[in-house]
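Participant: Take a look at this one; I'll ask things after.
The values are calculated or read from the model by the stated rules, or taken from the named source; none is laboratory data. Treat the numbers as computed from the prediction; the structure is a model and nothing was measured. Heads up, the Cβs are rebuilt from the backbone with ideal geometry, glycines too, and the neighbour counts pull from every protein chain shown. Accessible surface areas use protein heavy atoms only, side chains included; no ligands, DNA or RNA. Shrake-Rupley method; radii C 1.70, N 1.55, O 1.52, S 1.80 Å.
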Amino acid sequence: MIHFAVELIGSLPADVTVPPIAPDFSAPFMVGVQTVVSYILGAALVIMFGVLIVAVASLGFKSIVPERMQSWAGENVATVAIATIILGSISGIFAWLVNFNFGF
């Protein structure tokens, strides 16, 4: 059966040579775009972590936090957590593909 498939196709997939492929980020504007996106993703992730901490803390300390803050946290803690997870995933993919560049 394999012999018939090799005759039909002509060669096995292992016989094909694929050249190494590497992305080229040497365009003049790419360093600036990478820096701006790094700052935006980094700042947004820090802000979202802060909001998530405030939401969870306001649910945990019911005697200290005002009732209006508790109701906001109760309604939005899942949304904030999901948004933080999505933003963290986007930041991780960006860091894996391009790497963060904060201009230091």
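Participant: As a test of reading the structure, rank Phe49, Phe102 by solvent-accessible area (1.4 Å probe, protein chains only), most first.
Facilitator: Numbers: Phe49 105, Phe102 70 Å².
Ranking Phe49, Phe102 by accessible area, largest first, yields Phe49, Phe102.
Participant: I've got another one for you. Determine ³J(HN,Hα), in whole Hz, for all residues of the stretch 68-85 in sequence, where each value follows from phi through the Karplus function 6.51 cos²θ - 1.76 cosθ + 1.60 and θ = phi - 60°; x replaces Gly and Pro.
Facilitator: Rounded to whole hertz, the list is 5, 5, 5, 5, 4, 5, x, 7, 10, 5, 5, 5, 5, 5, 5, 5, 5, 5.
Participant: Sort the following peptides by mean Cβ neighbour count (other Cβ atoms within 10 Å, averaged over residues), highest first: 84-91, 62-69. Don't jump to the answer; show the numbers that get you there.
Facilitator: Details: 84-91: 14.2, 62-69: 10.0.
Per-residue Cβ counts within 10 Å, averaged per peptide and sorted highest first, yield 84-91, 62-69.
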